[in-house]
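Engineer: Right, I'll just put the structure down here and ask away after.
The values are calculated or read from the model by the stated rules, or taken from the named source; none is laboratory data. All values derive from a computational prediction rather than experimental measurement. Note that each Cβ is placed from the backbone with ideal geometry, even for glycine, and that neighbours are counted across all protein chains shown.
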Amino acid sequence: MTQFGHFLRDQREQRRREDRRYSLRQVAQRVGLEPAYLSKIERGETPPPSEGAILKLAGELGEDSDVLLAMAGKVSSDLQEIIRKRPKLFATLLRELKKAPEHAILHVVREVRDGEW
């Protein structure tokens with residue numbers, strides 16, 4: 001899970017170069033984490049935090065929460081609930097989409113989003 005921590009640190013440090021409000025201490029305070037804990041996360045010394053903390057970090061850094069959750073090896077609770085309602089169907093769908101090129105997946109997303117059922 002060090003990929004998550006390193007990415008988080010890189011994003012925070014990029015913002016800190018232009019805005020001092022993105023120091024480790026200040027970001028930790030705004031998202032409700034102890035600075036030492038956030039430092040350990042960024043260095044990959046401890047696993048990623050809870051979904052709630054990741055969502056706050058994503059908002060603070062202007063990152064996509066689903067991407068950060070995936071990097072942390074987590075799935076948002078709203079997606080988990082959707083999958084729980086039809087687990088076989090979504091498992092099959094995801095396994096089939098795994099083989100598809102990105103443009104095909106985008107086509108499916110647009111059809112579902114824009115289609116009339």
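Engineer: Going through GLY5, GLY52 one at a time, which residue ends up being closer than 17 Å to ALA72 by Cβ, crowded, with 19+ Cβ neighbours inside 10 Å and within 15 Å of the chain's Cα centre (by Cα)?
Structural biologist: Working: GLY52 fails: crowded, with 19+ Cβ neighbours inside 10 Å.
The match here is GLY5.
Engineer: While we're on this one: Assess whether ALA28 counts as being within 13 Å of the chain's Cα centre (by Cα) and either farther than 20 Å from VAL75 by Cβ or without any contact (Cβ under 8 Å) to a residue 60 or more places away in the chain (or both).
Structural biologist: Details: within 13 Å of the chain's Cα centre (by Cα): no; either farther than 20 Å from VAL75 by Cβ or without any contact (Cβ under 8 Å) to a residue 60 or more places away in the chain (or both): yes.
Here the answer is no, as ALA28 does not meet what is asked.
Engineer: With PHE90, PHE4 as the choices, which residue is in contact with a helix residue (DSSP H, G or I) (Cβ under 8 Å, 6 or more places away or on another chain) and touching a residue at least 60 places away in the same chain (Cβ under 8 Å)? Steps first, answer last, please.
Structural biologist: On the way: PHE90 fails: touching a residue at least 60 places away in the same chain (Cβ under 8 Å).
Being in contact with a helix residue (DSSP H, G or I) (Cβ under 8 Å, 6 or more places away or on another chain) and touching a residue at least 60 places away in the same chain (Cβ under 8 Å) holds for just one of PHE90, PHE4, which is PHE4.
Engineer: Across segment 88-117, which residue is farthest from ILE41 (Cα to Cα) among those that are among the small types (Gly, Ala, Ser) and exposed (fewer than 12 other Cβ atoms within 10 Å of the Cβ)?
Structural biologist: Just the residues of segment 88-117 that are among the small types (Gly, Ala, Ser), to begin with: 91, 100, 104, 115.
Right, trim to exposed (fewer than 12 other Cβ atoms within 10 Å of the Cβ) and you get 91, 104, 115.
Values: ALA91: 31, ALA104: 36, GLY115: 42 Å.
Among them, the one singled out is GLY115.
Engineer: Another question, then. Would you say GLN14 is under 21 Å from THR2 (Cβ atoms) and either buried (at least 17 other Cβ atoms within 10 Å of the Cβ) or modelled with pLDDT of 95 or more (or both)?
Structural biologist: yes
Engineer: Let me ask something else. Which one of LYS85, LYS74 is surrounded by 14 or more Cβ atoms within 10 Å (Cβ to Cβ) and either of a type in the set (D, E, K, R) or in the same structural domain as HIS6 (by TED's automatic domain parsing) (or both)?
Structural biologist: Numbers: LYS85 fails: surrounded by 14 or more Cβ atoms within 10 Å (Cβ to Cβ).
Among LYS85, LYS74, only LYS74 is surrounded by 14 or more Cβ atoms within 10 Å (Cβ to Cβ) and either of a type in the set (D, E, K, R) or in the same structural domain as HIS6 (by TED's automatic domain parsing) (or both).
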